[in-house]
Each structure stands twice: as C-alpha cells, then as structure tokens.
Amino acid sequence: MSAIRRCRPPRALAGLFVWCLRNTGVRQIPYQFVHLYHVANDRLITFQYFNFLKRMYVTQCNKDLSQRAKLKSDSIVSSFHELQQLDQEEKVVHKISPVSPVHRSWSETSSRNELREMKSAAETEDSVIPVGAKSKEDRQWKEMKLRLDDLPGILARLSKIKLTALVVSTTSAGFAMAPVPFELTCFLLASLGTGLASCAANSINQFFEVPFDSNMNRTKNRPLVRGQISPLLAVCFAASCGVPGIALLTLGVNPLTGALGAFNIFLYTCCYTPLKRMSIANTWVGAVVGAIPPIMGWTAATGSLDAGALLLGGILYSWQFPHFNALSWGLREDYSRGGYCMMSVTHPGLCRRVALRHCLALIGLSTVAPVLDITTWTFPIISLPINLYISYLGFRFYRDADRSSSRKLFFCSLWHLPMLLLVMFTCKKSVLEKEDKSDLLGRSQERALEIRLP
Amino acid sequence: PPAHSRSDWIGPPDKHSNLRPIIFYVPPEESALERRLREARQEAQASNQRFWARHNRAFCQEKEEFIYSRLKAKGLEMRDESGQKATLNAEEMADFYKDFLSKNLKKHLQYNREWYKHNFRITFLMGQVALVRALRWLRRRKKIVEQ
C-alpha cells in the first residue's frame, strides 16, 4: 500500500531538494534531499524536499544518526520508479509498499537519507538478504590504497559531517538562548570546538561498528566498511579532532564546556555504542547525548550551568524520543537481524508509550520556560499548537502502531524542533529588559536610602 | 587483483555475510610484526565471515519458516493465484523480529566481545607497524643526508 504524502505548507516551507552527486573520484557531500513519493493508483507524485542546509534542523544531536537515518537505498520497485539523471541530479522515487525490491538504481552516497529510511523493509523473495550494493562500481575489486584527493570526502563521511553540522546548530541555539550579550569569538570557538568533538565521536562510532554497518542497508557505504580508509587512520583522525576540539573548548571557552564535551564524547562512544547491542537503555543514553550540545552552548555563553541550560537540554532530550522511536519503527527487520536492541523490536508497546509521554513532556517544558525567565509568556502560547500537533501524532502512533502513523510522527519531528527553537528564540526575554528592571529596582532603593538619610 | 599489485585489495560484499573480503598482499620482505598484523586481520576476517554468513542464513531460514507457519495457520498457501509469494505485513513480522532478536542476544554479546578484541588488536598492531616504518624511513633519510 502506498502512502500518500500530502504536501503540507509548513513542510513545503522547509526547503526541498537534493542534489546527489554521483560518486566518482572525489565525492562531494550531498547537501539536500529529494524525496518523491509515488501513489500507485493515481500516479500522483508528491514531492517532499528537505533542505538541510537552511537550518536549525536538529534532527540529530551527536547521536548515531546512522541508526535513525536511513533505510535501504536500494529498495526500489522498478515498475514504479524513475531514475533521472540531469547532470548531477538524482531523483529517486520510492514506492512504499511491501513489494520486493527489484533492483538498485544507484550506489548510495553518504547522504543522510532520513526519509528513505522510512521506507518499509520490503519482504524479499530471495533467500539472501539484499543488502549489498548492486551497482557495477561496487561489484568490482578495489585496491586498498588511500588517494589523497579522495581523503576530504572520506573524512567527511567518516565524521558524519552533516550530523555534526546539526549538532553545531543545536549548540548555537543554546548559545543564543543564554541571557548574556552576544560575543562573536566565544560563539565561534564554541561552535568549532563542538564540531570537532562531534567529528571525533562519530569517527570512533564508525570504527567500532564496521561489521554491523556492513549488514545494514543504511550504513553499508561507510568508508571503513568499504575499506577506503584503515582503522588506524580513522582512530588517528578521531584523536586529531577530539583532542584539539576539547582543548579549544576548555582553554578558549571555559573548562565547564570542555568537560561537557569530553563527557559527551565518552558517553557516545563508550556507553551508547556498545549499549546499542546490549539493552534498550541505549535510547535514553542517546537522548542525553543529544541533549548535551545545547547545554554546552549555554555554558559557553554564561560559564555556568543554570536552570535555563537544563531546560534547553530537557527539551532536546524529550524531543529525541518521538523522533527516534517513530523512525526505528520502520527499521525493525534490520535491527533484529543486526542484533541491535531497540525498543521498537523488543518492547513495541513501551516504544510507543515513551514517544507519547515525551511529546506531552514537551508541552510541559515549554510552559516552564517563562517561569525560569528564559522566554516571555508568549512562548508557551505560540508553541502550543505545534506541541499539541506533535502530541496528537504521538497519540495516533500510540494507538495505531502502524507504519503510516510512525512516519507521520517522524516527519513532524523534523520540522517541529527547528520551529520550536526558532519560536523560543524570538520569544527570548531580552537581556536589556532584565537590566532595566534591575536598574529600576536599584534606583528606587537608592532613593529610599536618600530619603532615610537626613 | 592483478599479480603485480603491491597493496591489499577489497572486494564486493559477500552474498551471505555482507562483509567485503580482503586479499592481503604479502611483501617478500615482510617482517615478523607485519606478519602478525596480516594474520590477525585474516583471522578476524574469517571469524566475522563465519559468524555473519551463518547468522544471516539462519535469519532467512527462520523467517521463511515463520511466514510458512503463519500462512498455514491462516489457511493460505505460500504462493497465491498469480504465483507471487505471499507475505505477511509488518505487524505480523514484528513478532518474528522480537523473537529472533531475543534468541540471538547471547550470541551477539559473545560476538561483540570477540569483535572488539579483534578490532583493538588489529588497530594496535597497525599502529606498531606504522611506527616501525616511520622510524625506518627517518633512519634512511638520516643516512642519505649524512652521505
């Protein structure tokens, strides 16, 4: 059954469009996505595009996006799919239906195909799991020699550069929300440090997961899986990003931010990554990993861990659950075969309950924001519609537990967070307002003193 | 891979294990350390291949059996009138996925431990080999400069 995607105005606003460059020699990172959904019956093609560059898309925060991200890039039904190549543009049509994949149209690039991920893991006809790439290039034997001009592309994919960019944007959101005057150097240093730390963490994650990545469709084209880079080089790269990154944060910004960054790397690589294969608790740990970058942004600006930082972290923490649980609903086969312990496979009821619970928590957290003096009271009021909407979708997911509701919830989460952060920023309580208030108080006190003193 | 090549070659993913096999180049003047590294990599590759090929085959087989038993319970045949293979929807398959994961959890835990050990050992040996090679290169440069 094909899913019909209605083009919603708010989503249409969020950009569209991917240029996927063919992988030839030096690969450039695709920075946009095109997603076409095709309705079998009436041949309606609804286009949905997500533009990741324009953004505050925090779909991932220093987490293993690969888990959430994509689904098989090769599950395509030939009868319904068109593959056009206009110069360097590739559009892929996915038919969302449990029809066996017929053939693979192009070799997967390193893009984050969050949308493609939602495609159902079609039941296959063969007795062999069709994870392998079928494109001619991938069928050849390749020399394991590192070419210098390939290196930037390889390192970009190793460090999951797009995910890193999103993490950095969450950090900047945290920085922006802090109630202090904006300092450009501090902002840049914090962003750079966080970016480097994120690169390091992602590289180590890929280093640990080579055989598992090769067995999952979404991740089978990673550099270590394809042998484009040696594990030693991956570790050296991670060290050369992580150490300067943390040093930059500790010395250039403040020690608290540095400590948080180091802790986050540790949490991601040494706790979340192994835990993924051991227990479902990994989702909660991963949510914390995602919540820390905005806290880092806040502490970079203010130098202290206030309630505001924790609130921002809390919002991101809660957001991770509907986002990830909805996403993982469609990946159950890959997770089951790959041996990943995810709620959607082992405790499906819990999966949906938790997603709903945290959607509702978002409403609560948005209400707390003005209490803590971070935003004005307009924030909970303006954000109520979008929070209610995501909660409604969370409820539908909870009740229906099917692919269409999970996909709806997932796509909603993609635009919900950037919007929420944007609204938060516009409703931010101005620093000047607070200064005026304290000034007034001070002046009235002085006057009172003057009156008392003869 | 061509006979004159002096580097390792990596191939397309294996049909059963989805892992990419590597053919290692054995240089004539291979040192003991390099030999240890190569053997460690070969051993890891073989062990991974064995595990995943068996695991994936078991997955496919059990999946087929599950589909068959469920279809039988529903009173349907494996193939419908048009000759297409009958499938179950995602919700019904979810039971199978949950079952399969819990059955294989212990196997995975053991494999994880082994894989991490292999990975660290190989990377450490690679580091040692790289260090030795770098020192050798530096020594040679020094000699050339002195001459």
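The values are calculated or read from the model by the stated rules, or taken from the named source; none is laboratory data. Small disclaimer: the values here were computed from a predicted structure and weren't measured. Heads up, the Cβs are rebuilt from the backbone with ideal geometry, glycines too, and the neighbour counts pull from every protein chain shown. Protein only, heavy atoms only, side chains kept; ligands, DNA and RNA dropped before computing areas. Shrake-Rupley method; radii C 1.70, N 1.55, O 1.52, S 1.80 Å.
Each residue of the range A:299-305 in turn: what ³J(HN,Hα) in whole Hz from Karplus with 6.51, -1.76, 1.60 and θ = phi - 60°, glycine and Pro shown as x?
Computed from phi, the couplings for the range A:299-305 are 5, 5, 7, 9, x, 9, 8 Hz.
Around residue A:142, which amide H atoms from residues at least 5 apart in sequence, or from another chain, sit under 5 Å from its own amide H, with H modelled in the peptide plane?
So residue A:142 has HN proximity to B:10, B:11.
If you rank A:372, A:251, A:158 by how much accessible surface each has, with a 1.4 Å probe, what is the order from largest down?
So the residues, ranked largest to smallest area, are A:251, A:372, A:158.
Hey, rough spin-label estimate for residue B:109 and residue B:143, points 7 angstrom out along Cα→Cβ, what's it come to in nanometres?
Rounded to a tenth, the inter-label distance reads 5.4 nm.
In Å, what Kirkwood hydrodynamic radius results for the range A:306-429 from the alpha-carbon pair distances? Walk me through the numbers on the way to the answer.
Numbers: mean 1/r = 0.0677 Å⁻¹.
Hydrodynamic radius (Kirkwood, Cα only) of the range A:306-429 equals 14.8 Å.
So, in nm, how far is label residue A:422 from label residue A:402 when the simple model puts each one 7 Å beyond its Cα toward the Cβ?
According to this spin-label approximation, the distance is 3.2 nm.
Assuming 0.692 mPa s and 37 °C, estimate D for the range B:1-131 with Stokes-Einstein, Rh taken as the Kirkwood radius over Cα pairs, in µm²/s. Intermediate results must be reported in sequence, preceding the final value.
Values: Rh = 18.2 Å.
Estimated diffusion coefficient is 180 µm²/s.
Apply 1/(1 + (r/R0)^6) to the Cβ-Cβ distance of residue A:307 and residue A:392, taking R0 = 30 Å, and write down the FRET efficiency to the nearest 0.05. Present the calculation step by step, with values, prior to reporting the outcome.
Details: r = 29 Å, r/R0 = 0.97.
For residue A:307 and residue A:392, the calculated efficiency is 0.55.
Please return the longest range in chain B lying between exposed loop sites, taking trypsin sites (Lys or Arg not before Pro), DSSP loop only, at most 16 other beta-carbon atoms within 10 Å, and leaving the sites out.
Segment B:16-147 is the longest.
Per-residue HN-Hα couplings for the range A:156-165, Karplus 6.51 cos²θ - 1.76 cosθ + 1.60 at θ = phi - 60°, whole Hz, x for Gly and Pro?
4, 6, 5, 8, 6, 4, 6, 4, 4, 4
Could you give me the ³J(HN,Hα) list for the range A:185-202, computed from phi with Karplus coefficients 6.51, -1.76, 1.60 and θ = phi - 60°, whole Hz, x at Gly and Pro?
My calculation for the range A:185-202 gives 4, 4, 4, 5, 5, 5, 5, 5, x, 5, x, 5, 4, 5, 4, 4, 4, 5 Hz in order.
Add -39500 (n - 2.57) for each DSSP H run of 4 or more in chain B, then divide by its residues: what number comes out at 222 nm, to the nearest 500 deg cm²/dmol? Please report the intermediate quantities before stating the final value.
Numbers: 2 runs with 100 residues, N = 147.
So the calculated ellipticity at 222 nm is -25500 deg cm²/dmol.
Along the principal axes of its C-alpha atoms, what lengths does the range A:146-304 span, in descending order and rounded to whole Å?
48, 40, 21
Kindly report, to the nearest 10 Å², the accessible surface of residue A:298 as traced by a 1.4 Å probe over protein heavy atoms only.
It works out to around 10 Å².
For every other residue with a beta carbon closer than 12 angstrom to the beta carbon of residue B:9, add +1 if it is Lys or Arg and -1 if Asp or Glu, then tell me the sum. Walk me through the numbers on the way to the answer.
Values: positive: A:142, A:145, B:6, B:20; negative: A:143, B:8.
Net of charged neighbours comes to +2.
How do A:213, B:8 stack up against each other in accessible area, from largest to smallest, with a 1.4 angstrom probe? Present the calculation step by step, with values, prior to reporting the outcome.
Details: A:213 5, B:8 30 Å².
Ranking A:213, B:8 by accessible area, largest first, yields B:8, A:213.
Using the charge dipole of the range A:306-429 (Lys, Arg: +1 at Cβ; Asp, Glu: -1 at Cβ; taken about the Cα centre), state which of A:324, A:420, A:347 has its Cα farthest towards the positive end.
A:347
Show me you know the interface measure: the accessible area buried between B and A, both chains summed, probe 1.4 Å, in Å² to the nearest 100. Mind dumping the intermediate values first?
Numbers: alone 11570 and 19130 Å², together 26380 Å².
Counting both chains, the buried surface is close to 4300 Å².
Measuring from a point 7 Å past the Cα of residue B:131 along Cα-to-C-beta, which residues in the range A:221-244 have an amide N at less than 20 Å?
A:230-241, A:243
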